[in-house]
1. So, of the residues in the stretch 825-843 that are surrounded by fewer than 16 Cβ atoms within 10 Å (Cβ to Cβ), part of a helix (DSSP H, G or I) and touching a residue at least 60 places away in the same chain (Cβ under 8 Å), which turns out to be nearest to the chain's Cα centre (by Cα)?
2. Please find, within the stretch 531-557, the residue that is modelled with the highest pLDDT out of those that are touching a helix residue (DSSP H, G or I) at 6+ places or on another chain (Cβ under 6 Å) and more than 18 Å from Trp893 (Cβ to Cβ).
3. Which helices (runs of 4 or more DSSP H) does the stretch 116-169 wholly contain that include 1 or more residues that are within 16 Å of Val187 (Cα to Cα) and either open to solvent by 20 Å² or more (accessible area, probe 1.4 Å) or touching a Lys or Arg at 6+ places or on another chain (Cβ under 8 Å) (or both)?
4. Looking only at the stretch 717-751, how many residues end up being assigned to a helix (DSSP H, G or I), open to solvent by less than 30 Å² (accessible area, probe 1.4 Å) and modelled with pLDDT under 85?
5. Restrict the check to the stretch 763-773 and report whether at least one residue is within 30 Å of His919 (Cβ to Cβ), of a type in the set (Ser, Thr, Tyr) and in a helix (DSSP H, G or I).
6. For the stretch 483-517, which residues satisfy the criterion of being at pLDDT below 80 and open to solvent by less than 80 Å² (accessible area, probe 1.4 Å)?
7. Going through the stretch 853-868 one residue at a time, which ones are in contact with a strand residue (DSSP E or B) (Cβ under 7 Å, 6 or more places away or on another chain) and either buried (at least 17 other Cβ atoms within 10 Å of the Cβ) or of a type in the set (A, V, I, L, M, F, W, C) (or both)?
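The values are calculated or read from the model by the stated rules, or taken from the named source; none is laboratory data. On a predicted model such as this, the values are computed, not experimentally measured, just so you know. When we count neighbours, we look across all protein chains shown, and the Cβ atoms used for this are built from the backbone with ideal geometry, even at glycine. Each accessible area value is taken on the protein alone, full model and side chains, heavy atoms only, with ligands, DNA and RNA left out. Shrake-Rupley method; radii C 1.70, N 1.55, O 1.52, S 1.80 Å.
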Amino acid sequence: MIVFLLWVVVLVAALALYYRQIYSRFSKYGVKQKEIIPFFGNMLKITLRMEHFADNIDSMYNDFPDERFVGRFEFSKPAILIRDLELIKKITIKDFEHFLDHRGFVDDKVEPLFARNLFSLKGQEWKDMRSTLSPAFTSSKIKQMVPFMEEVGEMMIRAVKKNIENSKVGQIEIDVKDLTSRYSNDVIASCAFGLKVDSHTTEDNEFYEMGKKASTFKFKQMLLFFLNSALPFVARLFNLKLFSKETTNFFVDLVQGTMKEREDKKIIRPDMIHLLMEAKKGKLTYDVANGKSDSNVGFSTVEESDLGQKPVTRVWSDSDLIAQAVMFFITAFETISTVASFTLYELAVNPDVQEKLLKEVKEHNAKFGGKLDFTSIQNLTYLDMVVSEVLRLWPPAIVLDRVCNKDYNLGKPNSKATQDFFVRKGELVGVPVMSIHRDPQYFQNPTKFDPERFSEENRHLIDMILEIWVVVLFVAAVLYYRQVYSRFTRFGVKQQTPFPFLGNMLRVTLRLEHLSDTMNSMYKQFPEERFIGRFDFIKPCLFVRDIELIKKITIKDFEHFVDRSGFSIEVDSLFSRNLFSLKGQEWKDMRSTLSPAFTSSKIKQMVPFMEEVGEMMIQAVKNKIKNSGNEWIEIDCKDLTTRYTNDVIASCAFGIKVDSHTDVDNEFYKIGKIVSTFRSRDIILFLLYSAAPFLGKFFKVELLSTKTRNFFIDLVLSTMKQRETHNIIRPDMIHLLMEAKKGRLNHEKDVINADVGFATVEESEVGQNNKQRSWSDTDLIAQAVLFFIAAFEVVSTAMTFTLTELALHPEVKEKLVREIKEHDEKYGGKLDLHSIQTLTYLDMVISEVLRLWVPTVLIERMCVKDYNMGKPNREATEDFILRKGESLQIPTWCIHRDPQFFPNPTKFDPERFSKENRHLIHPIAYMPFGLGPRNCIGSRFALCELKVLVYQILLNFDLSPTKNTCIPARLNKNSFHLRLEGGHALKFRSRQI
């Protein structure tokens with residue numbers, strides 16, 4: 001006996017310590033709370049039926065008027081009750097990602113059918129299910145169900161009238177909760193399950209009885225609800241269920257049987273079962289185009305967020321869809337019948353309101369000839385006021401609950417508190433809806449039923465938590481985006497569904513896919529279209545697929561598409577004033593000014609500089625191999641080629657000798673890395689301000705830091721000044737820019753201006769015109785910066801992929817090595833522009849690299865005067881006019897990998913570019929350096945530099961892949977540049993010559 005008593009004492013002491021620890025969760029942080037009863041927390045009076053749940057919450061809300069939030073316990077589970085409206089706004093809107101989930105009221109291992117509904121799902125599954133179901137609840141879908149509701153109502157009216165007639169006294173007493181429950185039951189049967197049920201006549205029908213069991217939570221169910229929430233392990237241990245097996249089986253058989261019958265008999269009825277069937281097939285999508293019918297159906301209506309409008313590819317099971325049907329039944333059965341019964345109650349006890357509403361209903365009935373439809377019912381403004389007031393005074397949800405899914409700082413509980421309170425992951429927060437709705441601070445004389453609160457004149461007085469101006473801005477934004485994103489669809493041009501603000505850039509911005517993948521999916525999705533629509537954020541762009549149309553745009557009708565979007569001068573002058581961004585006549589003049597600098601005769605003089613830089617690189621790699629003590633060493637080819645191009649630019653453009661392979665942290669390389677490596681932020685800013693330039697002007701954004709800008713300005717100006725002072729002439733870019741500024745750089749007939757490769761683009765007449773225009777120092781510095789960026793990133797990327805493909809294809813590599821060795825012997829090791837053009841296989845390899853890994857994923861042009869694009873497809877009935885200021889894009893990457901133009905396109909095959917096969921290549925389908933007069937001015941320089949590097953590396957080193965080399969090739973989604981997953985490391989060893 002003593003031992004037993006000792007164990008009792010120990011157990012009581014342990015429980016006391018346990019509950020003291022639990023129930024001090026709030027008090028030790030200064031958060032106010034009401035008195036706690038061990039085990040019951042704040043639930044004792046509710047459990048003993050001494051107090052309604054609404055009264056329990058209300059007393060807690062009213063007892064702490066100066067608190068932003070207070071603590072409460074559902075048995076032993078801590079929960080925060082939020083009083084402060086601004087904090088409620090943060091939790092439910094701004095910081096929604098911290099509070100995605102509702103509490104689970106059933107355990108998915110105990111009752112999986114009921115745990116899989118939208119209310120109980122969590123995280124990404126909830127988001128996906130919300131997006132899946134959202135299209136089922138648009139006004140356009142509900143509109144089709146109104147006749148079913150009206151039919152059910154007519155059956156109810158007939159039954160009530162019959163009962164009145166049978167009473168012989170002209171009136172009867174009716175339990176309106178029973179009346180509205182039967183009405184909502186029959187509406188659900190019709191609108192959700194396609195069944196015709198008359199519960200007013202056949203009172204004990206199975207559908208109503210099962211619905212009553214599933215939706216009516218008795219005292220036992222309420223206790224189980226809270227027990228599941230507070231102590232889910234107990235419910236799981238004892239397999240405690242809220243719903244009987246009979247109820248579960250009824251709904252499973254009903255939904256599955258109805259679906260099967262409709263599939264077998266090809267029955268289509270615009271109800272919930274049909275919509276769930278469409279959802280399972282992936283055919284239920286949020287149709288923005290039909291949004292015009294999705295107008296507000298009342299003051300209390302909530303708008304669907306962007307989250308609910310996202311497309312979903314998740315596959316849902318039958319159980320998942322049945323769970324949604326059951327949830328729809330339970331919520332509609334109880335919630336709607338409760339609101340409807342309170343509405344009838346308030347109309348009965350407020351005869352003045354009833355008479356005013358009756359007058360409006362009669363006028364509507366006379367005006368529309370007794371017709372009741374979705375559109376006409378929205379004209380009943382006083383009815384909406386009455387319903388809005390019912391929902392204020394008798395809200396269906398007494399408390400909105402949320403589960404915190406990552407720790408969250410609620411701030412201080414009151415003005416006197418000294419520390420913030422953090423709600424922890426897994427804890428509950430609640431918004432006391434009924435208490436706020438009845439707070440005189442927000443609603444004068446709150447217990448009075450007064451529909452006039454919601455009149456047009458008084459609505460502005462109501463603090464909607466989310467202020468009216470936010471709603472106005474939201475609606476304006478929705479209308480604006482609807483207008484913007486309908487640019488193509490209203491003219492029959494196909495498009496992928498754009499995401500608000502991000503357009504078709506969502507997955508790229510979130511790094512879920514590379515830009516090339518986004519382009520490719522669009523290109524393949526619409527194989528029959530000549531052009532399709534896409535959106536870079538909010539900027540509409542035509543995505544042109546048809547080769548003949550591309551030819552017209554870039555060559556024949558070039559004057560309509562002279563410009564790129566570029567940046568305006570207000571954003572960043574060193575970017576906006578370069579050749580890439582200049583527009584109209586200024587671009588033509590600058591192109592003519594610079595074109596002579598990129599002829600073969602000028603590039604010929606720079607080859608010795610390239611060769612010198614290559615020799616420094618070769619020596620550095622040889623030293624690394626020697627010092628490693630191994631035959632092979634691993635080298636990051638992107639780093640190797642970037643340092644090479646950096647040193648070539650330093651020499652060929654600025655007349656500076658830099659060895660970035662030895663002096664790895666030299667200032668020129670560091671600055672070059674900064675200016676040429678566009679981070680995600682820079683790319684997004686570039687695209688964003690290109691799409692919405694007013695944002696760039698407003699925020700005065702500059703892509704280059706002051707330090708970087710000053711570096712280039714000082715470098716160019718000081719070099720020019722030094723050369724002027726000392727009469728230094730060096731055949732590099734600085735010299736050519738100085739000549740251009742003096743007007744002495746003219747396009748002369750170049751006797752050796754032969755192509756330096758198949759990929760070379762010819763200079764058009766635009767570039768060969770002699771233009772005398774005065775350029776500022778900023779204009780010339782801007783060209784130097786552009787040359788730096790293009791050569792640094794674009795050329796080094798092409799070099800990197802060339803080395804990678806050679807390492808992966810030893811047969812190609814060895815064939816090229818033989819050609820290089822023969823050249824080396826023939827010319828005695830001499831390498832110049834003339835001799836390098838004799839390396840035909842090298843040119844084939846480079847041409848194939850530039851096809852497979854084209855430096856520019858797409859070519860963009862801006863329309864400078866309205867242009868008729870013709871019809872988008874064979875079925876179209878009208879032409880599409882591209883307006884001045886709008887852009888189009890030519891998907892270089894996609895065309896280069898289209899089997900229509902390049903058979904087996906993903907295979908690396910230099911033989912495509914042999915003299916025997918070149919004629920098979922469509923001249924427009926191959927565009928590594930662009931098309932038409934606005935092609936890449938530096939193609940000759942890039943090809944020459946690329947060939948010199950490959951020549952020197954293969955002459956001296958053997959290459960092979962590492963264990964980490966990405967095979968097959970996959971682009972890194974985290975980079976906006978062309979990068980392989982896992983990087984570009986290869987193994988090098990010295991070649992025995």
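1. Here the residue is Thr840.
2. Only one residue tops the list, namely Lys539.
3. So the answer is 139-143, 146-167.
4. So the answer is 6.
5. Of the residues in the stretch 763-773, the ones within 30 Å of His919 (Cβ to Cβ) are 763-768.
Restricting the remaining residues to those that are of a type in the set (Ser, Thr, Tyr) gives 764.
Now narrow it down to the ones that are in a helix (DSSP H, G or I): none.
Among the residues of the stretch 763-773, not one is within 30 Å of His919 (Cβ to Cβ), of a type in the set (Ser, Thr, Tyr) and in a helix (DSSP H, G or I), which makes the answer no.
6. Val484, Tyr485, Pro500, Leu502, Thr509, listed by residue number.
7. Leu858, Ile859, Glu860, Arg861, Met862, Cys863, Val864, Tyr867
Yes or no, residue by residue, for (1) open to solvent by 10 Å² or more (accessible area, probe 1.4 Å); (2) outside any helix (DSSP H, G or I):
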residue	(1), (2)
Phe609	yes, no
Glu615	yes, no
Lys622	yes, no
Ile635	yes, yes
Asp647	no, no
Gly655	yes, yes
Lys670	yes, no
